[in-house]
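Each reported figure results from applying straightforward, stated rules to the coordinates on display, with no laboratory input. These numbers come from a predicted model, not from an experiment. We place every Cβ from the backbone using ideal geometry, glycine too, and count neighbours over all the protein chains shown.
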Amino acid sequence: MKSEKNSKKFDCKIEELTVICSYGLSLGRRDLADFTAFSPMFNEEYFNGFETMINAAEDLVSPQTETKELKKITKQLYETLDGLADPLNKLRGYLHLAGTSIGISDKDFGISLLTKKIHSRDAEGVRHNLMLVNTNIRTFMSELKVVGLNDEIINHLSTAVTPITQYNLQQFEIFGKRRGIVYENMGKLNELYAQLMEFLKTGNIIYKGSNPIKAGEYSFINLKKKVRTIPLTTPTSETK
């Protein structure tokens, strides 16, 4: 059961919060003169402090060391997945040459779904379906070798399971560690959100009577919609 301290108070994905805050910060700095005229508390120092909070939150959500390691692992994983394309294409050709001696379609052999999983970058799906393909290769080894299937292709497909499994596990370990760090520091993210809402509400008050278009910009919902028009590449996907 989550404690009150670690409960998320904001209605967006965790990785979206700092981006939303950065958009909000750009509004506040753009309209700094109007904010300061409304209240001296909204001065340059106020928004500089907010930027510091954003940067600190970004370090929690996407720590640079882990982000670099994750990019490295993901690159290696994708290279391994892409390296399956040519052997699978040749295997498909041998399956067709074997014809009725095997009597199994690409789909039933597992090649078609495996190819789709590779294209969708579904590492767990690739691992599962690659194991199925390897099982079928072993089952129909003699028929496939007669038409040209060689040990190089067989070994490539069989040995690929291990690194794919390892890279996938390493990704999950980093994701899990990152979720733990974020959970333990949720109070700081909630504080960041509270300060964002403070000056968004103030901005709406300042412009509600004089400039409804600007007033509408100072809306968390609108900022969230703006962020979601640009796909986020951060790997810590967390649903709201």
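Details
- So residue 190, is it within 25 Å of residue 77 (Cα to Cα) and among the polar types (S, T, N, Q): no
- Hey, residue 41 part of a helix (DSSP H, G or I) and of a type in the set (A, V, I, L, M) or not: no
- Some residue of segment 166-178 being more than 30 Å from residue 56 (Cα to Cα), buried (at least 16 other Cβ atoms within 10 Å of the Cβ) and within 29 Å of the chain's Cα centre (by Cα): no
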